[in-house]
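Colleague: Quick one: the structure is below, and I'll ask about it shortly.
The values are calculated or read from the model by the stated rules, or taken from the named source; none is laboratory data. Because the structure is predicted, anything quoted here is derived from the model rather than measured. Every residue, glycine among them, receives a Cβ derived from its backbone with ideal geometry; neighbour counts consider all protein chains shown. Protein only, heavy atoms only, side chains kept; ligands, DNA and RNA dropped before computing areas. Shrake-Rupley method; radii C 1.70, N 1.55, O 1.52, S 1.80 Å.
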Amino acid sequence: MSAVAKAFSDGGVITWRNLKNVQRNPDWLMAATLQPIMFVLLFAYVFGDAIGGEAGGLAYREFLIAGIFAQTVAFNSAFTVIGFANDLQKGIIDRFRSLPISRLAVIFGRTTSDLVISVVALIVMSLCGLLVGWRIRGSFLDAVLGYLVMLMFAWALSWVGAWIGLVARSVEVAQSAGLMWMFPLSFISTAFVPADKLPGVLKAIADWNPFTAVINSARDLFGNRFGAPPTGWPAENASLYAILCCIAIIAIFAPLATAQYKKVASR
């Protein structure tokens, strides 16, 4: 068996092991779904008119859902962080090191199992969106592409989470580090307000923010655009830019996470 085939085969086993852990700890899955539901209800019904302005009501709820999707899959990368930190602290990584498995399998299995959690979270969020009035107004193919972009973004960020989890010295540090960087990136974006509502510097950051690219891509593909179309290359080529951002994130953090895993596994 080639090294690549062995990595995929062993990674499938690790993926199953991680999913069994989720089955034994359903509170992980509840955390992945209940928090975004709370965000939908808060922003749609409590803050919607104030934040959305004339976009309040149904139009703002349709505008909001793609942002909640992106925030949900991004926050789910925290499970990758905590999962690796927990395995390190309990000595599970040392046990994996003693087994005749590919070293890539452990990281691949973790990121893949967390991708499955993101799939479940997106299904739940889609149902919640339908209940508050969100609708997909594009074609079926466009909708599928919109979800695929979201899942590619989720998988890319899980590699960031893998690296942070392997660098963190404890589960407590991992919990903080895994969420700290997400809040500014998710809120300085078009997740909750159109880019033209942001002040100058924040708008410039939001325009090139990968979160914004993924959100704009989903809104285009779902047919949920509101108001005047945003301008600038990232907004006009949102799907292309979103995919390029995901590829760049994976290209940077997959080698970093792999190198860090080899480092901690050789201790």
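Colleague: Which of the residue pairs Lys20/Lys262; Lys90/Lys263; Lys90/Lys262 have a Cα-Cα distance greater than 22 Å in the structure shown?
Modeller: Going by Cα-Cα distance, Lys20/Lys262 fall outside the 22 Å limit.
Colleague: What trypsin sites (Lys or Arg not before Pro) does the range 81-169 have in DSSP loop regions with at most 11 other beta carbons within 10 Å?
Modeller: Arg169
Colleague: Dipole magnitude of the chain about its Cα centre, charges +1 at Lys/Arg Cβ and -1 at Asp/Glu Cβ only, in debye to the nearest 20?
Modeller: 1000 debye
Colleague: Here's a follow-up. Ignoring ligands, DNA and RNA, what accessible area per residue does the range 143-267 give at 1.4 Å, in Å²?
Modeller: Details: 5660 Å² over 125 residues.
Per-residue accessible area for the range 143-267 comes out at 45 Å².
Colleague: For Cα extents along the principal axes in Å, the choices are (1) 44, 41, 40; (2) 60, 36, 36; (3) 64, 41, 41; which was calculated from the structure?
Modeller: Computed from the coordinates, Cα extents along the principal axes in Å corresponds to (2).
Colleague: Shifting gears a bit: Compute the Kirkwood hydrodynamic radius of the range 1-142, taking the inverse of the mean of 1/r over all pairs of distinct Cα atoms, and give it in Å to one decimal.
Modeller: 17.1 Å is the Kirkwood radius here.
Colleague: Sticking with this structure for a sec: Ignoring everything but the protein chains, give the 1.4 Å probe accessible area of Phe69 in square angstrom, nearest 10.
Modeller: Only protein atoms counted, so the area is about 0 Å².
Colleague: If you line up the long axis of helix 77-90 against the longest principal axis of the chain, both from Cα atoms, how many degrees apart are they, to the nearest 10?
Modeller: With both axes taken from Cα atoms, the answer is about 20 degrees.
Colleague: Quick check: with the 1.4 Å probe, what order do Tyr45, Tyr241, Tyr60, Tyr147 take by accessible area, largest first?
Modeller: Tyr45, Tyr147, Tyr241, Tyr60
Colleague: From largest accessible area down, sort Asp196, Asp220, Asp207; use a 1.4 Å probe on the protein chains.
Modeller: From most accessible down to least: Asp196, Asp220, Asp207.
Colleague: Another one. Taking 1 over the mean of 1/r across every pair of different Cα atoms in the range 173-256, what Kirkwood radius in Å do you get?
Modeller: Value: 13.6 Å, from the Cα pair sum.
Colleague: Let me ask another. So how much accessible area does Glu172 have, in Å² to the nearest 10, using a 1.4 Å probe?
Modeller: 120 Å²
Colleague: Something else now. For q = 0.13 Å⁻¹, what log10 I(q)/I(0) does the range 114-267 give under the Debye formula with an equal point scatterer on each alpha carbon and no solvent?
Modeller: For the range 114-267, the Cα-only Debye profile gives -0.68.
Colleague: Hey, what number do you get for the chain at 222 nm if only DSSP H runs of n ≥ 4 count, each worth -39500 (n - 2.57), divided across all residues, to the nearest 500?
Modeller: Calculated from helices alone, the mean residue ellipticity at 222 nm is -25500 deg cm²/dmol.
Colleague: Let me ask something else. Quick one: what do you get for the range 83-203 if you divide its Cα Rg by 2.2 N^0.38 Å?
Modeller: 1.34
Colleague: Follow-up. At 1.4 Å probe size, with no ligands or nucleic acids counted, give the accessible surface of Leu122 in Å², nearest ten.
Modeller: Ignoring ligands and nucleic acids, Leu122 comes out at about 10 Å².
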